[in-house]
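Taken together, the values in this text are just the output of simple stated rules run on the coordinates, not laboratory data. Since this is a predicted model, take the numbers as computed values, not measurements. Virtual Cβ from ideal backbone geometry, glycine too; neighbours counted across all protein chains shown.
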Amino acid sequence: GGRLFSLCAWDGRAWAHHGAAGGFLLRVRPASPALGAWLLPLPEAGWLRALGALLLLGLSALFSGLRLSLLSLDPLELRVLRNSGSAAEREQARRVQAVRGGGGTYLLCTLLLGQAGANAALAGWLCASLPGGGPAAGGGPRGAPWLPVLLCAAAVFLGGEVLPYSVCSRHGLAIASRTLCLTRLLMLAAFPLCYPLSRLLDWALRQELSVFSTRERLLETLRAAGPHGDLVREELAMVQGALELRTKVVEDVLTPLADCFMLRADAVLDFATVSEILRSGYTRIPVYEGDRRDNIVDLLFVKDLAFVDPDDCTPLQTVTRFYRRPLHCVFNDTRLDTLLEEFKKGEAAGLPPLGSPCVPSSPCSAHPVSPPSRTRQLLLFPDLFDSLVPYGSIDP
């Protein structure tokens, strides 16, 4: 197709065909329309072009805002808000959780596809609308090609990313709960492409795109948020102590024998000895035999002295042999949470719990052991309690 033109020359008197008989024939075809001409037909009016650019930028900001609002909270955080938030937060979390379903990959693919399409359309629209985007009028040289690129990048950065993030980071849950109908329509429109892709991602990743908090991350979060959170110092210390209880072993909280208040097995409970026991402030006192403090053979509870008269000068072994307080023995690598469960079971049964025997050659045994073995450090209940509630030394 196209129109035919002849090349003619004017000799001052008449027009004549140039060249051989019949002259040259030129076939002129109209230029093929660009790909974006039928995808995004450009209007002639400049204000309509500007309005179209604003609409495309608004779509990009919408998809970005929906992505931030709907996916800023992972399923665990949504469950926490649904169970412990205010009445409005519970309702909003319930509605958002219904849209998220079993995973957020399908929703994520839908919103990313929409945002990518809006950004690409905006770039093509600006390149076709601005002077630097196409050939200059009259076939002259092209205008500044960087102008549409810079303008598109600035518009997407400010209007499509910064502005939605500023708004949705503060009111994300409320915005997400109020735009669920639009979100469902978008997911339905993108179903043929995004749903198979999301299933493929779920199969490849085998885990939802979420923030999973391990114990270590939770501990570090509590430490970092301490000065700015609602927890007071004592509450924060209790939470940290409870979380760290599983990671500590007996050897981490032992008390050296040099720092322990102890009594010889042949001591006499006279006024001076009883006064020394009371001044120590401890309720459980190890008893050793001979001159070696590591040869622990018994344990004295201060409450056992309730009916002891200091004037009678009762031998200490008389009291300890009467009550026969068993000694709890564990390995030095026993976890503190396991040991705490043993203490609880022992108190529930009304008897001191029995543990595994200590390793005699271990440099740090946990509790007093039998006479043939030697103990260099002790674990008393205050040590375990201080690990859980680090307020200082407490001897219950």
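Quick notes
- For residue 6, residues with placed amide H under 5 Å, excluding near neighbours: 26
- Gain in span if fully extended, residue 191 to residue 13, counting 0.36 nm per residue against the direct Cα distance: 56.8 nm
- Note on residue 337 and residue 84: their simple-model spin labels are 1.8 nm apart, each label 7 Å out from Cα toward Cβ.
- At R0 = 45 Å, FRET efficiency that the Cβ-Cβ distance of residue 72 and residue 252 yields, to 0.05: 0.70
- Protection proxy ranking, peptides 288-301, 157-170, average beta carbon neighbours within 10 Å, highest first: 288-301, 157-170
- A cut-off of 5 Å between modelled amide H atoms, ignoring neighbours fewer than 5 places along the same chain, links residue 269 with 314, 316.
- Cβ-based net charge around residue 195, under 14 Å, with every Lys or Arg adding one and every Asp or Glu removing one: +1
- Between the amide H of residue 297 and those of 287, 288, 289, distances stay under 5 Å, these residues lying 5 or more places away or on another chain, with hydrogens modeled in the peptide plane.
- The Rg/Rh ratio for the range 231-272 is 1.28, where Rg is the radius of gyration of the alpha carbons and Rh is the Kirkwood radius.
- Residue 323-residue 216 pseudo-label distance in nm [points 7 Å out on the Cα-to-Cβ vector]: 4.4
- Here's the picture: a label point sits 7 Å out from the Cα of residue 270 along the beta-carbon direction, and within the range 296-315 the residues with their amide nitrogen under 19 Å of it are 308-315.
- Proximal lysines relative to residue 303, as straight alpha-carbon distance under 23 Å, when same-chain residues fewer than 8 apart are discounted: 344, 345
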